[in-house]
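The values are calculated or read from the model by the stated rules, or taken from the named source; none is laboratory data. Everything quoted here is computed from the prediction, not taken from an experiment. With ideal geometry, Cβ positions are generated from the backbone for all residues, glycine too; neighbour counts draw on all protein chains shown. Only protein heavy atoms, including side chains, enter the accessible area calculation; ligands, DNA and RNA are left aside. Shrake-Rupley method; radii C 1.70, N 1.55, O 1.52, S 1.80 Å.
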Amino acid sequence: MEDEPLEEWASRREQRRPVPGERRLTPLGDQAQQGTHVDPDAPRGIQEWDGHQWVPAGVAKDLIAAARETGEDAATRAARVPLPSISKLPPAPDPWRPTEEFRRPEAT
């Protein structure tokens, strides 16, 4: 395996990092680790990136209000990250076939 130069790694990492002031929403409640689309009527916390960490910036009453408040931050961040180049899928393996025939014993 060939090591990647540090400058290339740092530039790729910097593209993925949020810019200061960027906002995101997070579900509040007992199951905060669930997806944002689950329970759209539950309140959402709004977090803002200060350059080092996500800090609380407010609370919205539901998913729609939180999405309005965060704006296009998530979409612009996703657009900054390049997708990996995929040339071609590997060939499909041959189907598995047993090497010897199996037969049921005759009923006596």
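Can you name every one of the strands (runs of 3 or more DSSP E) wholly within the stretch 7-103 that holds 1 or more residues which are of a type in the set (K, R), at pLDDT 85 or above and open to solvent by less than 80 Å² (accessible area, probe 1.4 Å)?
The strands (runs of 3 or more DSSP E) meeting that bar are 23-27, 44-49.
Of the conditions (1) without any contact (Cβ under 8 Å) to a residue 12 or more places away in the chain; (2) in contact with a Pro (Cβ under 8 Å, 6 or more places away or on another chain); (3) within 27 Å of E14 (Cβ to Cβ), P56 clears all except one; give me its number.
Just one mismatch for P56, condition (2).
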